[in-house]
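The values are calculated or read from the model by the stated rules, or taken from the named source; none is laboratory data. Everything numeric here is computed off the predicted structure, so don't read it as measured data. Neighbour counts run over all protein chains shown; Cβ positions are idealised from the backbone, glycine included.
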Amino acid sequence: MIQLVQGPAPAPSFKPGCHALAMSAPFSETERLTALFRCHILDTPSEPCLDRISRLAAQFFAAPMAVISFVTQDRSWFKSRYGFDGLDHTELTREASFCAHTILGKDALVIPDAAADDRFAGLPVVAGPPGIRFYAGTPLVTPDGFPVGTLAVMDTHPRGPLSAAQLDALRDLGALVQEELDRRFTVPVLPDDTLRRMVDALPVLIWRSDDQGRATFFSRYWHEFSGRSLAAGMGFGWLDLVHPEDRPHVLAQVSAAIAARGDMAFEFRVRRADDEYRWMLDQACPQFGRDGSFAGFVGVSIDITERKRAEGTRAQLAAIVQSSEQAIMSMTLDGNLLTWNPAAERLFGYSADEILGRSFLRIVPPDRAEEVAAALARVRRGEPILRYETVRFRKDGTTISVSLSLSAIKDSDDRPIAFSAIATDLTPLKQAETARRETDE
């Protein structure tokens, strides 16, 4: 039976033929495992720099999950992972992992929708939590040519195929993991020509500093973003582009990280070549020499301006929903409620704590169930927003007349992923109509 494995467990000896995946490999499994053990990486503590790369991969692909994993004879062990909120698992059985398939190929493996792929639909991480649908991974290969692990990003929603540029970025990030592993016990040196070209191709700023925080290396993105020469940013020249209001905060963060010899991560504004200030997320981890002495930092700066704007827009929309006099709610495609604003609490009598996660049918009279199914089917097919008058239950068992508007919530590929509903109380209108008829009579 394929199961998630919690925490490290003793690995039984590999027996040729005990895994179909190993048998189908285009290489000697024994030699591959030997190469993996030479890396001295299995069951070691997390390393900040590798964690940075997994987070960078997730952020670049806007994916909720990313892992750096290594595949043994019977398990796929996570050296670094990003996301997987609520799950404590540090490894999977080999049969239950995507990564065991990725190492069988020479290039990236992309699975647009695992639930629709017979090879993966039955995996616990697809059929159960966290409900992975999209997977893209690139193999990590040792210098002697054996694939020992993967860098992968995952999503709980299906996606389309990756573009050529995205595939290149995934391979480049995987190469950064390999470089980090190759030199993990050496003093960092400036990238050679091959790595420099790879780093320069990334759409983020890669940088390095000395033990005083002075910049000693920038990738080409510095020039593309700032319009200045690489030399102009060296030392503390980069501070000239930091927003004046943010400079004290930036210097305080850098000074604290130097004193602690630890990681740093903070947001600040930087002036672009067109004089627009852009929000940047700066993340870095310390580097140490062979003798253990602090050697500075290596880090990455990512433009998060659009994310900050989106967060502001979401906050504004949330405030509008919360203050609306109309009952506004959202639900999964199966009808389980996801959101429930204060007006919905007042109209139907249920608090958010009482109703969220439960079926929308709780407030639907039995004789209206077919009406709901038909309405949701229309919205799921992409038909225009549906508005109609109907009747709903309140918590106290009484019925109430409402005008209901249904619409689909869609992902970036225009596929419905949830429903939203707006309910308006028709009681005042119905009472006014009754009073008018009585007056006319």
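Assess whether residue 261 counts as being more than 30 Å from residue 417 (Cβ to Cβ), surrounded by fewer than 19 Cβ atoms within 10 Å (Cβ to Cβ) and in contact with a helix residue (DSSP H, G or I) (Cβ under 7 Å, 6 or more places away or on another chain). Write out each step before concluding.
Working: more than 30 Å from residue 417 (Cβ to Cβ): yes; surrounded by fewer than 19 Cβ atoms within 10 Å (Cβ to Cβ): yes; in contact with a helix residue (DSSP H, G or I) (Cβ under 7 Å, 6 or more places away or on another chain): no.
Spelling it out, it is not the case that residue 261 is more than 30 Å from residue 417 (Cβ to Cβ), surrounded by fewer than 19 Cβ atoms within 10 Å (Cβ to Cβ) and in contact with a helix residue (DSSP H, G or I) (Cβ under 7 Å, 6 or more places away or on another chain).
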Output for the stretch 91-117, where each listed residue is over 23 Å from residue 146 (Cα atoms) and crowded, with 18+ Cβ neighbours inside 10 Å | 114
Only one of (1) of a type in the set (Val, Ile, Thr); (2) closer than 30 Å to residue 217 by Cα; (3) exposed (fewer than 14 other Cβ atoms within 10 Å of the Cβ) fails for residue 300. Which number is that?
-> (3)
Run down 88, 172 and say which single residue is modelled with pLDDT of 90 or more and not assigned by TED's automatic domain parsing to the domain that holds residue 204.
-> 172
Exactly one condition in (1) more than 18 Å from the chain's Cα centre (by Cα); (2) crowded, with 16+ Cβ neighbours inside 10 Å; (3) not in a helix (DSSP H, G or I) is not met by residue 122; state its number.
-> (2)
Please go through the stretch 91-140 and pick out each residue that is among the basic types (Lys, Arg) and touching a helix residue (DSSP H, G or I) at 6+ places or on another chain (Cβ under 6 Å).
-> 94, 133
Does the stretch 319-333 contain at least one residue that is more than 25 Å from the chain's Cα centre (by Cα), closer than 18 Å to residue 395 by Cβ, part of a helix (DSSP H, G or I) and among the β-branched types (Val, Ile, Thr)?
-> no
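Can you tell me which residue among 354, 383, 311, 306 is within 34 Å of the chain's Cα centre (by Cα), modelled with pLDDT of 90 or more and either in a strand (DSSP E or B) or loosely packed, with under 15 Cβ neighbours inside 10 Å (or both)?
354
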When residues of the stretch 201-232 are limited to those that are surrounded by 16 or more Cβ atoms within 10 Å (Cβ to Cβ) and part of a helix (DSSP H, G or I), the one modelled with the lowest pLDDT = 232
Taking the condition on the phi < 0 side of the Ramachandran plot, in a helix (DSSP H, G or I), among the hydrophobic types (A, V, I, L, M, F, W, C) and at pLDDT 90 or above, does residue 343 pass?
-> yes
Within the stretch 87-116, tally of residues that are in a loop (DSSP other than H, G, I, E, B) and under 25 Å from residue 169 (Cα atoms) | 10
